[in-house]
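First up is the structure itself, then whatever we jot down about it.
The values are calculated or read from the model by the stated rules, or taken from the named source; none is laboratory data. In this text the structure is predicted, and so the values were computed from the model without any measurement. When we count neighbours, we look across all protein chains shown, and the Cβ atoms used for this are built from the backbone with ideal geometry, even at glycine. Ligands, DNA and RNA are excluded from the accessible area calculation, which covers all protein heavy atoms including side chains. Shrake-Rupley method; radii C 1.70, N 1.55, O 1.52, S 1.80 Å.
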Amino acid sequence: MDTMFVSLAVILAGGALALLFARQFTLMKIATIATTSAGCLLGLVYSLSNLLGDTVTIEQSWQWLHIFTLAFKVDSIALFFLVPIFTVAPLALVYSYHYMNDKLKATRTAVNYFFFAVLVASMAMVVTASNIITFLLAWEIMSLSSFFLVVFDYQVKENRQAGYLYFIFAQGGAMILFAAFAILYRYTGSFD
């Protein structure tokens with residue numbers, strides 16, 4: 001499980017490098033793509049080795065604000081879903097090297113890479129979440145980072161409209177999740 005969290009930390013470090021090197025456009029893209037892809041590769045090796053080997057359920061939890069517990073569990077189902085997350089993300093990053101090639105939008109490109117790294121890490125947290133609070137927190141981080149990726153080219157009216165529509169539906173879906181989990185909590189008395 002520690003390897004999984006190291007993988008997520010390396011992915012997020014790749015996003016932070018994008019913001020750090022935003023003024024050196026080519027260096028920013030290379031450093032971000034290399035670091036984030038390395039984190040994904042580490043997570044992919046971890047996922048595949050545990051999935052193809054003796055899969056054991058690994059759990060980790062932390063108290064959050066002394067009120068809630070952030071809990072993660074890696075089992076065979078989570079490992080199965082981590083494989084495509086950690087496989088597709090580096091491919092999208094490699095494709096983005098030439099696709100995101102407008103030096104006039106260097107800051108926006110850096111912010112886009114940052115939110116992409118946050119998206120990948122939050123998707124991994126969604127599939128490994130072990131309780132309601134952790135799932136909802138990861139889900140909200142995932143939906144908000146996706147919103148910022150959708151409105152990357154905000155100067156185009158259709159992109160802004162798509163972003164607003166996405167935001168409305170994502171938050172509506174989150175409200176339905178909140179309601180469903182409240183009903184589950186009412187009957188079980190547990191956030192697990």
On the formula 1/(1 + (r/R0)^6), with r taken between the Cβ atoms of residue 20 and residue 76 and R0 of 30 Å, the FRET efficiency rounded to 0.05 is 0.20
Name all residues of segment 112-148 having a backbone nitrogen under 19 Å from the label point set 7 Å from the Cα of residue 188 along its Cα→Cβ direction, giving them as ranges. 125-140
Solvent-accessible area per residue for segment 69-147 (1.4 angstrom probe, square angstrom): 43
Quick check: with the 1.4 Å probe, what order do 132, 30, 58 take by accessible area, largest first? 30, 58, 132
For the chain, modelled as a GNM with alpha-carbon contacts under 10 angstrom, which of 14, 172, 39 fluctuates the most? 172
Between beta-carbons, use under 11 Å as the cut-off and find the net charge around residue 61, counting Lys and Arg +1, Asp and Glu -1. -1
In whole angstrom, note down how far apart the Cα centers of segment 172-186 and segment 7-86 are. 27
For the residue pair residue 155 and residue 88, what label-to-label distance in nm results when each label sits 7 Å from Cα along the Cα-to-beta-carbon direction? 3.0
Given R₀ = 22 Å, what would the calculated FRET efficiency be for residue 9 paired with residue 66, taking r from the Cβ atoms and rounding to 0.05? 0.40
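What percentage of the solvent-accessible surface of the chain, computed with a 1.4 Å probe over protein heavy atoms, is contributed by carbon and sulfur atoms?
That share works out to 70 percent.
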